[in-house]
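No value in this document is a laboratory result; all are computed from the given coordinates. Please read these numbers as outputs of a predicted model, since none were measured by experiment.
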Amino acid sequence: MSYFFLLGDNYMKIVLLGGSGYVGKGIIKKLSSYDNIELVSMSRHGGTDADKEEWSNVSWLSVDLDKPETWQAEMATADWVIDLIGVLLAKNYNEYYKKTVKPVLNVIKFIKEHTTNTKFLFVSANYAPVGMGAYMKAKLVLEDELIKQLGQRAVFVYPGLIYHKKRPSVYVVATVLNNIKKIKPLEKLIEPLRPIAREKFAVEIKNIVLGGNSYLMYRTKNKE
């Protein structure tokens, strides 16, 4: 794993789409201690007063991705864009598309046409259980679009359920899954769901943006 840029005077700018959300704050917590990493959180409502107080070195921007003037200037100088936009539960595919895919299409187009080195990290999914086919379909549609538009500049991670004690319902489900996973005959059944603690997920994202690798860059089973 290479952290070569941290040893010199190199500088990195990371834009997090949806950075003020649950997962984004975990990544911000992990990366905000690096003096030579500039973090910009973009979301519709920006950060809370508590966010701004806790991470005063982060730029908390309120943006509308349908209004280029609110985000293009910051995006033009980014080394990484991390897409955390989306919802876990929606009524149907059209709603997933509207909330997960459509908001970032303008961003992808801008990165393709106006930058040369900016990388785009998309948080996809390892696997969708029965009843969540529309969720996975939206993820795969955006994966295909990123590959088409950005090629090797598109990077994907495939987590499962990202959990933390601050979200009790998710934490309880993940705890149950992790306990079941300890039972050898059932381990293979739980593996595709890939529950991962928010802290661990943030570490894996850190490894990637600092030039390393991560097991999350590979699916555990066929996406179908």
Notebook entry, point to check: Helix 22-31 sits at what angle to the longest principal axis of the chain, using alpha carbons and giving 0 to 90 degrees rounded to 10?
Noted result: 60
Check: What percent of all Cα-Cα pairs in region 158-224 falls in each 5 Å bin, counting up from 0?
Finding: 3, 17, 24, 21, 20, 11, 3, 0
Item checked: Whether region 73-166 is rounded, prolate or oblate, judged on the alpha carbon gyration tensor where a/c under 1.5 counts as rounded -> prolate
Next item on the list: May I have the convex hull volume per residue, in Å³, for the Cα set of region 125-173?
Entry: 88
Notebook entry, point to check: For the chain, what relative contact order do you get, as a whole percent, if you take Cα pairs closer than 8 Å and at least 6 residues apart?
Noted result: 20
Next item on the list: Report the extension gain between E54 and K184 in nm, rounded to one decimal, defined as 0.36 nm multiplied by the number of residues separating them, less their alpha carbon distance.
Entry: 42.6 nm
Check: How long, wide and thick is region 57-124, going by the Cα atoms along their three principal axes, in whole angstroms, largest first?
Finding: 36, 25, 21
Check: Quick one: if you take sqrt(5λ) for each eigenvalue of the C-alpha gyration tensor of the chain, what semi-axes come out, biggest first, whole angstrom?
Finding: 27, 21, 18
Notebook entry, point to check: In whole angstrom, how far apart do the alpha carbon centroids of region 75-129 and region 146-190 sit?
Noted result: 19
Item checked: Debye intensity ratio I(q)/I(0), log10, region 1-102, q values 0.10 Å⁻¹ (C-alpha model) -> -0.31
Item checked: Rg/Rg_globular for region 92-139, with Rg_globular taken as 2.2 N^0.38 Å and Rg from C-alpha atoms -> 1.37
Item checked: Helical contribution to [θ] at 222 nm, DSSP H n ≥ 4, -39,500 (n - 2.57), averaged over the chain, rounded to 500 -> -11500 deg cm²/dmol
